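FYI, it's all coordinate maths here, none of it is from the lab. What you see is a predicted model; the values in this text were computed from it and never measured. Please note: Cβ atoms are built from the backbone with ideal geometry, for glycine as well, and neighbour counts cover all protein chains shown.
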Amino acid sequence: MSKKHTRGAASIAFQEPVYIQSSASIVSKKEGEGPLRDSFDMICEDPMFGTKTWEAAESTMQKEAATLAIGKAGLKPKDIRMLFAGDLLAQTIASSFGIAEMGIPFYGLYGACSTMGESLSLGAMAIAAGYGEHILCATSSHFASAEKEFRFPLGYGNQRPFSATWTVTGSGACVLGSCPPPKSISDKKLPLRVGNGCAVITGITTGKIMDYGLKDSLNMGGCMAPAACDTIYQNLTDFARSPSDYDYIFTGDLGVVGQKILIDLLADKGIDIRNVHDDCGLLIFDNETQDTHAGGSGCGCSATVLASHILPKIAAGEWKRILFVPTGALLSKVSFNEGESVPGIAHAVVIEHVEAE
C-alpha cells in the first residue's frame, strides 16, 4: 500500500470509502430483553437454536446472521469474494462448523472479543486494494459455550464476582463493498441505506497487544482497558484528531469496571473522552434489571450493537463520524491454568456518514 494511505504509526486512511452495504444481528432471549430489543433483526427464545449442543447453537446463529446480511445486500453467497470470521472457541469451531459451510473463501480469525474490529479492518483493506467487490465480516459468541471454554461448567454453580461481565449470546455480520448499497427506505430488513445516506469505513487503526500483568480472567474490563487506551490514543495521534472530532467513541465490552479504567488511563495522557464515550457492553444490557454485574462481553457484544444500533444511526446521518473500538482478552485455558497474565488488544475502525447518489 502506498505511503500516502498510511497515517502515523498504526493507521490507514482509505482514499476511497469502503461501503457497509448491509448489517445483520441475531441474539437470544436475555439480550432480547435488554434496551436494544427493538433494534435486532432476530431474537431467538431458544438459546440452543434448535441444536443439541451450545457450540452447534453458536454455529447456527452465526450462519443465520451471515445469510441475513447477504440477503439484505441483495446478494447470494457466490457473490461474496472473501469471508473474514471468527469466534471465542478453540480452533474457531463456531465459524468453521457454521458460516464456512456456505462455500465462501474463508479466513478464520481470532481476536477474542475484538474480532469484529479485526474482520472489518481486514475486509476494508481487501476492498480498498481491489481484491474483491463484496466481502463478508462476521463473528459470534454464546454465553454457555464461552463459560465452558474459558471458565467453569455451568453445572458447577460458581459465584461470579461483580467485576465479571456476561458473555452475549449473539452474532453480527456486515457485507462490505466498493459501491453504495441500493436505495431503500429506513427498514432494517433492507440494505444499509437511508435515502442517500450510507455508512462507510474511512480509516482503521491496528491495535497492539498490551499486557499489564493482570491475571484475573473474571475482570475482563480491567485486562482490556489498557489496549483500548493505547489504540484510541494512537488513532487520535495518527489522524491528528481530538475526541470531539467523533460523535461517539464506542469500545467493545469493557463494562463498568473497564470503562472507568479507560477514562482514567486516557486522562493520564491528557485526553478526556467522557462526553463522547460509550461501551457496547453497557448498551446491550440493563444492569439495573438484568443482573449482568459489570455488563456485556463476548465477540457478539460489539458486533450485534454495531449492526443493530450504531450503523443505522450513521446511515441516517444522526451521527457523522464514530470510532468503533472492540476489545479482546487474549487468554486460553492453557495460559490461564499455567498462571500467565491476560493480554489485551483493541482494533479501531473509523465509520462515517456519507451521501451517495
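Of note:
- Charge tally in the Cβ shell below 9 Å around residue 292, where Lys, Arg are +1 and Asp, Glu are -1, residue 292 excluded: -1
- Isotropically averaged projected area of the chain, using the convex hull of Cα atoms (one quarter of hull area), nm²: 16.3 nm²
- For 41, 253, order by how many other beta-carbon atoms lie within 10 Å, fewest first: 41, 253
- Debye intensity ratio in log₁₀ form over the Cα atoms of segment 18-177, taken at each q of 0.08, 0.14, 0.19, 0.20 Å⁻¹: -0.22, -0.66, -1.15, -1.26
- Sum of -39500 (n - 2.57) over DSSP H runs of 4+, divided by residues of the chain (222 nm, nearest 500): -8500 deg cm²/dmol
- Percentage, to the nearest whole number, of Cα pairs in segment 196-336 over 17 Å apart: 60 percent
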